[in-house]
Amino acid sequence: MKLYGYFRSSAAYRVRIALNLKGVAVDHVPVHLMRDEQRRPEFLAKNPQGLAPALELDDGSVLTQSLAIIEYLDTLRPEPRLIPADAVLAAKVRAVALAIACDIHPLHNRRVVGYLERELKQSQAAVDAWIRHWILKGGLEAIEQLIAPAPFCFGSSPTLADVFLIPQMFSARRFAAPLEHLPKLRAVEAACAALPAFAAAHPSRQADAE
Ligand SMILES: N[C@@H](CCC(=O)N[C@@H](CS)C(=O)NCC(=O)O)C(=O)O
């Protein structure tokens, strides 16, 4: 399998964590998002959305959307489970993942931020304020209320919630969003950082890191 990604892409980072937790090895193919390689015809042929990540299977089929890719991996290799068997817990885990994937991350994605800067002529300060606002308000600040660390978001082993939270925490730090008032999230972050599967997926550890 080949994972098309970018070291700093938080959506690709989610997939790297899941692959490591599942012990699935892939070839990593860098798509340089700052050079707009995601908009080249050869990549658009794989993912018409022009977004990383994409997972190319050995039969040539290509999966897109990090959540769909991770659910595929969870089906392919069920252990360790990323979605708990308990229906209520599974819904809570998915809610955190979806809050990040649907509500937080899209508002500071490169193409959205680029539109604010280039088309709407917003200053860097205004764009930075936008990014930090939407990462925190109704975002990480709400997730702080939703989780019950022990020491991971929902118990003694990582779930989909942790797989999505850690890359979002990385992005929050990258954009200098204040996190001091979110002790539960920071505790989960520390617990995950101690696991090799999370540590090896960190952007700084990728071959294309700059
Ligand atoms: N919902 C998608 C989001 C994918 C996404 O937005 N990827 C970003 C990197 S984290 C990207 O490729 N951005 C390029 C762009 O905006 O042009 C997923 O979870 O896979």
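The values are calculated or read from the model by the stated rules, or taken from the named source; none is laboratory data. On a predicted model such as this, the values are computed, not experimentally measured, just so you know. All Cβ positions, even for glycine, are placed from backbone atoms using ideal geometry, and neighbour counts span all protein chains on display. Side chains included, ligands, DNA and RNA excluded: accessible areas come from the protein's heavy atoms. Shrake-Rupley method; radii C 1.70, N 1.55, O 1.52, S 1.80 Å.
Summed over the residues of the chain and divided among them, the accessible surface reaches 48 Å² per residue at a probe radius of 1.4 Å.
Using only helices, what value at 222 nm comes out for the chain when you add -39,500 (n - 2.57) per DSSP H run of length 4 or more and divide by the total residues, to the nearest 500 deg cm²/dmol? Present the calculation step by step, with values, prior to reporting the outcome.
Working: 10 runs with 99 residues, N = 210.
Taking each H run of at least 4 residues, the total per residue is -14000 deg cm²/dmol.
Taking only the C-alpha atoms of segment 157-197, Rg followed by Dmax gives 10.1, 28 Å.
Rounded to the nearest 20 debye, the dipole size of segment 1-126 about its Cα centre is 380 debye, using +1 on the Cβ of Lys and Arg and -1 on the Cβ of Asp and Glu.
From the P(r) of the chain, could you give the percentage of C-alpha pairs in the tail past 25 Å? Counting every Cα pair in the chain, those more than 25 Å apart make up 36 percent.
If contacts are Cα pairs under 8 angstrom and at least 6 residues apart, what is the relative contact order of the chain in percent?
Details: 258 pairs, mean separation 53.4, N = 210.
Here the relative contact order equals 25 percent.
Within the chain, DSSP assigns beta bridges of which about 65% are antiparallel (rounded to the nearest 5).
Taking the DSSP beta bridges in segment 2-80 as the whole, what percent of them are antiparallel, to the nearest 5? Present the calculation step by step, with values, prior to reporting the outcome.
On the way: 6 of 10 bridges.
So the antiparallel bridges in segment 2-80 amount to around 60 percent.
Surface composition of the chain: carbon and sulfur atoms hold 57% of the protein heavy-atom accessible area at a 1.4 Å probe. Would you mind computing the Rg to Rh ratio of segment 87-198 from its alpha-carbon coordinates, Kirkwood style for Rh? Ratio value, two decimals: 1.01.
Divided by 2.2 N^0.38 Å, where N counts the residues, the Cα radius of gyration of segment 2-80 comes to 1.03.
Round to the nearest 0.05 the FRET efficiency obtained for Ala85 and Asp59 when R0 = 35 Å and r is the Cβ-Cβ distance. For Ala85 and Asp59, the calculated efficiency is 0.75.
The magnitude of the dipole of the chain, with charges of +1 and -1 set on the Cβ of Lys/Arg and Asp/Glu and taken from the Cα centre, is near 340 debye.
Here is the link list: Lys2/Lys121; Lys22/Lys184; Lys46/Lys137. Which ones come out longer than 31 Å on Cα distance?
Values: Lys2/Lys121 38 Å; Lys22/Lys184 25 Å; Lys46/Lys137 34 Å.
Distance filter (> 31 Å) returns Lys2/Lys121; Lys46/Lys137.
Identify, among Leu57, Ile69, Pro41, the residue whose Cα sits farthest towards the positive end of the charge dipole of segment 2-80, taking +1 on the Cβ of Lys and Arg and -1 on the Cβ of Asp and Glu, with the dipole about the Cα centre. About the Cα centre, the residue reaching furthest to the positive side is Pro41.
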